[in-house]
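Structure record follows, encoded as structure tokens.
None of the figures in this text is laboratory data; all of them are computed from the coordinates on show. Please read these numbers as outputs of a predicted model, since none were measured by experiment. Positions of Cβ are backbone-derived with ideal geometry, glycine not excepted, and every protein chain shown enters the neighbour counts.
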Amino acid sequence: MRDKNYWNELPEIQKKLKEKIKKDYWRLDWHLMPETGWLNDPNGLVHFDDVYHIYHQYTPEAPSGEGKRHWGHKTSKDLVNFKEEEIFLSPETSFDLDGVFSGSAIEKDDKLHFFYTGNVEQEGDHDYNFSGREQNTIHAISTDGYTIDEQHVIIPYTDYPAGYSDHIRDPKVFQKGDHYYLVLGARSRENKGAILLYKSTDFEKWEYHSVLIKGRFDEGYMWECPDLFELEDNDILLFSPQGLLPTNYYYHNPYSVVYQLGKIDWEIGTLEKIGKFKQLDHGFDFYAPQTFIDKKGRRILFGWMGIGDTEPEYSNPTIARGWQHALTMPRELKLVEEKLVQIPLKEYQSLRQNHKKMLLNSQDVKKLYGEIYELSIIFDELPDNFHMRLREDTELIFKANEFILKHGESGYGRRARKIELEQLYNIRIFSDTSSLEVFINDGEDVFTTRLYPKKESNQIKIDGDLNGKVEFWELKK
Ligand code: FRU
């Protein structure tokens, strides 16, 4: 159904974008990025036949994100080295004409089953919130993960329960006992977020089960990209609310990512909350993460290292260079004392080279510099004051029970984000040409952020009365 011209013109458009991209220093060395154009949410993450498949929201022709979403596709044997594959899904049917939106994958009987949202925008005078938008839930089947054999609507937009706006999307499917379940993110007619639960035995007939959980007025108007999984006998709901009211420390980005711990009553289909929901990442660039279990039994998360609608506060200058956004490095999730902890995937140790090891108070620390590296600090004495400058003008600060990330000009509008932190035990920093991922206290708190320093901005300066060890590795491309 899609305009034939689109496919005819795309190679030429991509060729031009690639010429700009080739010269761009800010192109990341070891993160997943769009080959050209725009990337957002990770989709359909799955480990199938010993291959990791990472799909993602993709508009190859438009770095600014205008245009329709496809599913881009990358594969890997080790989650470190990736191959760019052909576009997997495109808006080509009457039920997904204006965008193949986010969704998930699950293996069953040697096949891959994909569930995604087909976005259709009707012509006419509409606000596309309460009228004019059709968001169908679609099932696609593939025997190999590269091509689609079959594709059809399983929940048409007309069949969602009453009381909701046109925004119901992002199916995540999983198995529990003899049943399959599907969660969808939703916006009610009163502009409150909710998660809907559907149930099936065969992937074909889906019965609406319940509202798993719904938000209060201050908890956002729309909840996107739900993910539901178990860790240490707890049910964990991870989702991306839009419109959360900022508190002193949290929810200062345009949109946020939170998780809610609880216990699900599968008979009635509700989540009994344990505690409040918590922000998963504290940097400027983290949204719409998705998790999956790999063949080693690990719960692995990729996030979109970006957020929509950050302008005018902050922006990404790579648009002018033919591309925008990336995925975070993969992280293994663990639950430690009711907190979701993110641990950089151990496979990334294979990128390490030119190891340096020193004491924090030695002269050698003053000789450290780098652009693309992993740096770990373990304190022997817990510091009251820690201050680090890195890259061009970025600072990491711990004092008076706060941990702060600050950017200067290289943040392109990103200024400061902070959290309350009682004590600082250790820090692990992963720096790529234009990104930073900072893991604090064994991944209990994480700051993910983009930054756009001038080439060869490589300072590393650590201050404070500090006792501990530093390890440093350059990271291979
Ligand atoms: C989250 C999101 C999803 C939607 C997709 C469209 O970033 O808005 O809710 O499916 O992006 O690209």
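Listing for the model above:
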{"item": "Within the range 270-297, tally of residues that are under 18 Å from ILE236 (Cα atoms) and surrounded by 19 or more Cβ atoms within 10 Å (Cβ to Cβ)", "result": "11"}
{"item": "Top-ranked residue of the range 132-172 - restricted to ones that are of a type in the set (Val, Ile, Thr) and touching a residue at least 60 places away in the same chain (Cβ under 8 Å), ranked as nearest to the ligand (Cβ to nearest atom)", "result": "THR137"}
{"item": "Sole exception among (1) surrounded by fewer than 19 Cβ atoms within 10 Å (Cβ to Cβ); (2) more than 16 Å from the ligand (Cβ to nearest atom) for ILE377, by number", "result": "(1)"}
{"item": "Selection count, the range 64-89, where residues are outside any strand (DSSP E or B) and within 15 Å of the ligand (Cβ to nearest atom)", "result": "8"}
{"item": "Answer from SER240, SER210 - the residue that is part of a strand (DSSP E or B), more than 16 Å from the ligand (Cβ to nearest atom) and small (Gly, Ala, Ser)", "result": "SER210"}
{"item": "Of residues in the range 92-131 being of a type in the set (S, T, N, Q) and closer than 21 Å to LYS205 by Cβ, the one farthest from the ligand (Cβ to nearest atom)", "result": "THR93"}
{"item": "Among (1) farther than 19 Å from TYR251 by Cα; (2) free of Cβ contacts under 8 Å to residues at least 60 places away in the same chain; (3) exposed (fewer than 15 other Cβ atoms within 10 Å of the Cβ), the one test that GLY408 misses", "result": "(3)"}
{"item": "Test for LYS199: is it more than 16 Å from the ligand (Cβ to nearest atom), farther than 24 Å from GLU107 by Cβ and either of a type in the set (D, E, K, R) or surrounded by 19 or more Cβ atoms within 10 Å (Cβ to Cβ) (or both)", "result": "no"}
{"item": "Entirely in the range 342-448, the strands (runs of 3 or more DSSP E) that have 2 or more residues that are over 23 Å from the mean Cα position of the chain (by Cα)", "result": "352-359, 373-379, 385-391, 394-399"}
{"item": "The range 449-459, residues that are buried (at least 21 other Cβ atoms within 10 Å of the Cβ) and either in a strand (DSSP E or B) or of a type in the set (Lys, Arg) (or both)", "result": "THR449, ARG450"}
{"item": "Selection status of LEU261, over 27 Å from ASP166 (Cα atoms), more than 16 Å from the ligand (Cβ to nearest atom) and buried (at least 19 other Cβ atoms within 10 Å of the Cβ)", "result": "yes"}
{"item": "Matching strands (runs of 3 or more DSSP E) fully within the range 250-337 where at least 2 residues are without any contact (Cβ under 8 Å) to a residue 24 or more places away in the chain and of a type outside the set (Phe, Trp, Tyr)", "result": "258-265, 270-279"}
{"item": "SER142 vs. criteria surrounded by 14 or more Cβ atoms within 10 Å (Cβ to Cβ), of a type outside the set (Phe, Trp, Tyr) and farther than 21 Å from PHE101 by Cα", "result": "no"}
{"item": "Leading residue by the ranking (surrounded by the most Cβ atoms within 10 Å (Cβ to Cβ)) among those in the range 213-227 that are within 16 Å of the ligand (Cβ to nearest atom) and assigned to a strand (DSSP E or B)", "result": "TRP223"}
{"item": "Residues (among the hydrophobic types (A, V, I, L, M, F, W, C) and within 16 Å of the ligand (Cβ to nearest atom)) located in the range 33-63", "result": "TRP38, LEU39, LEU45, ILE54, ALA62"}
